[in-house]
Each structure stands twice: as structure tokens, then as C-alpha cells.
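The values are calculated or read from the model by the stated rules, or taken from the named source; none is laboratory data. The structure presented is a predicted model; accordingly, all values stated were derived computationally and were not measured. Backbone-built Cβ (ideal geometry, glycine too); neighbour counts: all protein chains shown. Accessible surface is based on the protein model in full, side chains and every heavy atom, while ligands, DNA and RNA are left aside. Shrake-Rupley method; radii C 1.70, N 1.55, O 1.52, S 1.80 Å.
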Protein chains: 2
Amino acid sequence: MKGANNKKFIPNLSYDCVIFGFNGEKLKILILEYHNTGLFALPGGYIKKEESLQEAVNKGVEERTGLKDVFLDQFQTFGKLNRTDPDATRSILQAKNKDLNEKQWMMERFITVGHYALINYENVNPKPDNLSDSIAWYDIKNVPQLMMDHNEIVDKALEVLRNNISEKLIGMNLLPAKFTMKQLQQVFEAILDETLRRTSFQRKMLSMDILERHEKLFEGKAHKAPYLYSFK
Amino acid sequence: MKGANNKKFIPNLSYDCVIFGFNGEKLKILILEYHNTGLFALPGGYIKKEESLQEAVNKGVEERTGLKDVFLDQFQTFGKLNRTDPDATRSILQAKNKDLNEKQWMMERFITVGHYALINYENVNPKPDNLSDSIAWYDIKNVPQLMMDHNEIVDKALEVLRNNISEKLIGMNLLPAKFTMKQLQQVFEAILDETLRRTSFQRKMLSMDILERHEKLFEGKAHKAPYLYSFK
DNA sequence: TTCTTATTGTCTCACATTATAACAATATTC
DNA sequence: GAATATTGTTATAATGTGAGACAATAAGAA
């Protein structure tokens, strides 16, 4: 006998999301830790039969971050036969005293659609899902071992993010509305994991004609105040 | 009562494939026409429960083209709620006198994983699938109206192909093993849909250090014979 | 007030890359 | 052997980028 959830979701299909944030210095991602199992995983979920894939992912990201209308990019679907791990799923469910019979469908083979999200780190208060104890920011250079193929998903997300860095939407979604040239450069450096030349970077950004210059930012520091910029 | 197929495949999930070929002049794709319906569609299919996504797509492309180990790139998963069209599917099945009861699962909502393939146009003899009358090459600039969201899938495939054109694998899979610089340029021009400067193109290709120069090709024309190249 | 300090905005110069044009090389035909 | 069409290479100008220098300036110190 299978439970109600079996009718609610599309079987054998899930989504996972690498949620990137920038704390002003380093690039981070959100990772869940499941109750009493020592298992870490990406935020993710299932797609209801009467909702679009994008709706499902949007809703999932909103539940973890509280943010609506987040920048989302779907980058790859992972469909290896043995990518999922029924034993791990079972222990996660057992640790929460779930009825395994009702959750039998979760132990089947799953194909997952990988997404990444870019969010403004500032006013986010991440919330764990109903199977996990905690959700926390991890430095992208210090991601723990994750369940199943989730490390591979993170690596691919970062690769795609690096390839798309020239799009203004990337920076726009990791920074506040107004930012200094230095902050923008720090975002690029965090994503690319390399230091950039200040003068070349500034010249390039200005020549792209995507920035609007605003008033100066007086930080109370003993040096010339930088201009604030926003994306056009 | 549902038929055997319902147990064989992952429900609600399919793949579609934009199969690109280059006839020496123009970029083309393979399109199926279903029996007695006037409906056109991309080659595609379903994923068996005990095979990987990639295996399924490889097998599907092999069935249509006879070619094994084709270059395949998975570029996007399409998950809108109403992207599929049960009425169209029904009429395709009816035109082939299929038992609709047994094929009920095919009328459900489907999420599809979009791929594109690059194949050497020369020695391919495309074969229609068991629901279609014909499979034929269509100029990429002259694609007919397709079922469901398949035109959108084609557009996206072309966009991704253009973005990936600098990878040597692109040209390698659309040309014979040995080719002239002019042929290579024609592939680029067909994909990008713009004319390129001969000298710049040649210098760029040679500087990338991906080509090996072989003997000259004597075509019996009244001008200097071009060198043949292959990818390293 | 004036000087110092740290950082920013801009400029310069050298160098690399690319666009554009010109020219030389060469299979074949006449 | 000259004419023709196309290819391979070189020359020159325009553009883009790396590296450094320098001037501007907000705040603190003298």
C-alpha cells in the first residue's frame, strides 16, 4: 500500500538547487544537514503533478531562504542509473520516525534537474526542511562531503556560473542594489577564484556600459570615497 | 487497466533530440512526420526504469540515424505544465490503430530533457520511428511548425550550439575526418548564420593549435589546391 | 590649518590581438 | 605560356589588455 505522496508528485524526478550567496568577501552555498545521520545534501525536492518544474524550484528556494523571485538558472539534469542512494534516504527517514511504507516511492531511482540560485546574502534567514536539523552557509572552497552525487552537482554549478559571469544578472543578484567597484570586483574574484587587476577590471566594467554611477559612499575611512554604482 | 509499457518507462519524463547535420553547405536537422496527422516533431522517446538518461538518448539517436557514439549535449529540461498535448498524442496513436487504453500513460503531462546531437551528414540513412511515416532533413532556417514546444526546443538548441561553437568537438562531429579550411569555415558560417572573413578565420583556427595539416586536396579546379586538415 | 595615509579614478605606455587589405603561390584551362 | 580562380601568407592599421604611474580626496594626526 502506498501513501498519498505517491499520487501528489511526479515519480522518479526531483530537483536540486545550489544556492549561492556572497557575504562581501567569499562565495558561499547553502547546505542541509539531516537529523542524526551525519548526512549533508543540497536543498531540493519533488515536482507536484500539477505544477511546472520552475514553480516547484521557486517554491523550494523560497521555503529555504524566505526570498521570492530569486534568480534561478537550470544548468543540467543528472540521470545516471545509480546516482541515488536508497539506504541513505531510508536512514534519513528513519531518523525522523517516518513511516517507511508510505515513503517507499522516495527510495526509487531518481533523475534530478540541477539548478543554481543567486541571492543577496544580507537579509536571508535560511530555514531547514522537515527532515533536516540545520541549513548553513559553507564557503564554496570548503564544501563537506555530500550525499549521492551532490558534490558533482555543486562542481558543475560553479563551472556554469564561471562561464556565465560576464552576464550582468550574475553580479546583480549577489550584490545590493548599489555597490562599489571594489565590491563588484570581489564578487568576480570569489566566483573565478583568482585575483583581478583593479585598473583593468574597472576599465572593462565601465566600457561595457551596464553600470550607472551614483553618489559617493562615505565610509568614514581616511581615503578617497568610492562611487556607488548600480546595474542599468 | 494499464499496459506493460506503463511499468517499463519512467512516467512523465521524456527526452527530445535536435539532430544537427551539415551537408557541406547548410545546417540541417532531422524531423519526423507522423502518419496521417500532418504533425511534425523532434526525435525523442522515454527512459526505461533500468537505464540511464544518457543510455536512453544514445539508443534513440542510434535508432534514427544508425550511428553509435554520436556527440550529444544535454542543454535544457523543459518542464512547463502545459507543454504537452494529449489530443495530438491521441491522434497520432489513433492514426496507427494503437490501443489507447494501453497507451494512456502517454497522454499524461511530460517533462522533457532536451539534447542536441552532431552527426556527419554523409553516410546517414535516417529511419522513422514506429509512429511516423518519414524522417527528413530540414534546413535550420526552414523548420516547419512542430508539435507542442518543439520549435522552442530547436531554437534553444541552436542558441546553445552557437555559444559552444569554439569547442573543437563541434566542427569535428559535423565534418568528415579530413576537410579543407573552407569547409570548416562553412560550418561556422552555417551555425552562426553570418559570413566570416577568410584570412582572420584561417589565422584564428591555425593559432588555436587544434588542427593537423595533411596533403593537399586536388579537386581538378583551376586554382591553387587547398590543404586538408583534421582535428588533433 | 597643514601634513599624512589609504584608497580611488584616470592616464600612459608597451604589448598582444584582431580587422582589413594586399600580395604571392599554384592547379587547371585556354 | 598566359589567364583564371582560389588559397596561403604577409603587411598595416585599429582595437583591446596588462602593468604601472600619478593625481585626487576623505579622514586622522600633528
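Give the residues of region A:80-91 that are in contact (Cβ under 8 Å) with a residue 12 or more places away in the chain, surrounded by fewer than 19 Cβ atoms within 10 Å (Cβ to Cβ) and more than 10 Å from every other protein chain (Cβ to nearest Cβ), sorted by residue number.
Correct list: A:Asp85, A:Pro86, A:Ala88, A:Arg90, A:Ser91.
Which members of region A:212-232 meet the condition of being in contact with a strand residue (DSSP E or B) (Cβ under 8 Å, 6 or more places away or on another chain), more than 8 Å from DNA strand C (Cβ to nearest atom), at pLDDT below 90 and not charged (D, E, K, R)?
Answer for region A:212-232, where residues must be in contact with a strand residue (DSSP E or B) (Cβ under 8 Å, 6 or more places away or on another chain), more than 8 Å from DNA strand C (Cβ to nearest atom), at pLDDT below 90 and not charged (D, E, K, R): just A:Leu217.
Out of the residues in region B:115-162 that are open to solvent by 30 Å² or more (accessible area, probe 1.4 Å) and among the hydroxyl-bearing types (Ser, Thr, Tyr), which is nearest to B:Lys8 (Cα to Cα)?
Checked region B:115-162; the qualifying residue nearest to B:Lys8 (Cα to Cα) is B:Ser134.
Go through region B:214-228 and give me each residue that's near DNA strand D (Cβ under 8 Å from one of its atoms) and not aliphatic (A, V, I, L, M). So that I can check it myself, show each step before the final result.
Going through region B:214-228, the residues near DNA strand D (Cβ under 8 Å from one of its atoms) turn out to be B:216, B:221-227.
Matches in region B:214-228: B:Lys216, B:Lys221, B:His223, B:Lys224, B:Pro226, B:Tyr227.
If the Cβ limit is 8 Å and pairs must be 6+ apart or interchain, which residue in region B:7-25 that is at positive phi pairs with which residue that is open to solvent by 10 Å² or more (accessible area, probe 1.4 Å) and in a strand (DSSP E or B)?
B:Asn12/A:Pro11
Looking at (1) farther than 29 Å from B:His115 by Cα; (2) assigned to a helix (DSSP H, G or I); (3) open to solvent by less than 70 Å² (accessible area, probe 1.4 Å), which is the one condition that is false for A:Gln94?
(3)
Which one of the conditions (1) closer than 20 Å to B:Leu27 by Cα; (2) open to solvent by less than 50 Å² (accessible area, probe 1.4 Å); (3) more than 9 Å from DNA strand C (Cβ to nearest atom) does B:Gln186 fail to meet, given that it meets all the rest?
(2)
Mind telling me which of the residues B:Thr112, B:Thr77 ends up being free of Cβ contacts under 8 Å to residues at least 40 places away in the same chain, assigned to a strand (DSSP E or B) and either of a type in the set (Val, Ile, Thr) or surrounded by 20 or more Cβ atoms within 10 Å (Cβ to Cβ) (or both)?
Numbers: B:Thr112 fails: free of Cβ contacts under 8 Å to residues at least 40 places away in the same chain.
Selected residue: B:Thr77, the only one of B:Thr112, B:Thr77 that is free of Cβ contacts under 8 Å to residues at least 40 places away in the same chain, assigned to a strand (DSSP E or B) and either of a type in the set (Val, Ile, Thr) or surrounded by 20 or more Cβ atoms within 10 Å (Cβ to Cβ) (or both).
Hey, can you tell me all the residues within region A:51-65 that are within 9 Å of chain B (Cβ to nearest Cβ), open to solvent by 20 Å² or more (accessible area, probe 1.4 Å) and in contact (Cβ under 8 Å) with a residue 12 or more places away in the chain?
Once the filter is applied, which keeps residues that are within 9 Å of chain B (Cβ to nearest Cβ), open to solvent by 20 Å² or more (accessible area, probe 1.4 Å) and in contact (Cβ under 8 Å) with a residue 12 or more places away in the chain, region A:51-65 yields only A:Gln54.
Based on this model, can you work out whether A:Thr37 counts as surrounded by fewer than 20 Cβ atoms within 10 Å (Cβ to Cβ) and of a type in the set (Val, Ile, Thr)?
Working: surrounded by fewer than 20 Cβ atoms within 10 Å (Cβ to Cβ): yes; of a type in the set (Val, Ile, Thr): yes.
Yes, satisfied.
For the subset of region A:171-201 comprising residues that are of a type outside the set (Val, Ile, Thr) and within 9 Å of DNA strand D (Cβ to nearest atom), which member is farthest from the other protein chains (Cβ to nearest Cβ)? Before the answer, list the steps.
Within region A:171-201, the first condition is being of a type outside the set (Val, Ile, Thr), and the residues that meet it are A:171-179, A:181-186, A:188-190, A:192-194, A:196-198, A:200-201.
Next, from what is left, pick out any that are within 9 Å of DNA strand D (Cβ to nearest atom): A:196-198, A:200-201.
Values: A:Leu196: 22, A:Arg197: 24, A:Arg198: 29, A:Ser200: 23, A:Phe201: 24 Å.
Here the residue is A:Arg198.
I'd like the full set of residues that are more than 19 Å from B:Gly171 (Cα to Cα) and in contact with a helix residue (DSSP H, G or I) (Cβ under 7 Å, 6 or more places away or on another chain), limited to region B:50-76.
Hit for region B:50-76 is B:Gln76, nothing else.
Give A:Glu63, A:Glu55, A:Glu25 a once-over and let me know the one that is in a loop (DSSP other than H, G, I, E, B) and of a type in the set (Asp, Glu). Let's see the steps before the verdict.
Values: A:Glu63 fails: in a loop (DSSP other than H, G, I, E, B); A:Glu55 fails: in a loop (DSSP other than H, G, I, E, B).
Testing whether each residue is in a loop (DSSP other than H, G, I, E, B) and of a type in the set (Asp, Glu) leaves just A:Glu25.
Filter region B:191-231 down to the residues that are in contact with a helix residue (DSSP H, G or I) (Cβ under 8 Å, 6 or more places away or on another chain) and open to solvent by 90 Å² or more (accessible area, probe 1.4 Å), then identify the one that is nearest to B:Asn142 (Cα to Cα).
B:Thr195
Give A:Lys68, A:Lys48 a once-over and let me know the one that is away from chain B (no Cβ under 13 Å), over 18 Å from A:Trp137 (Cβ atoms) and surrounded by fewer than 20 Cβ atoms within 10 Å (Cβ to Cβ).
Details: A:Lys48 fails: away from chain B (no Cβ under 13 Å).
Being away from chain B (no Cβ under 13 Å), over 18 Å from A:Trp137 (Cβ atoms) and surrounded by fewer than 20 Cβ atoms within 10 Å (Cβ to Cβ) holds for just one of A:Lys68, A:Lys48, which is A:Lys68.
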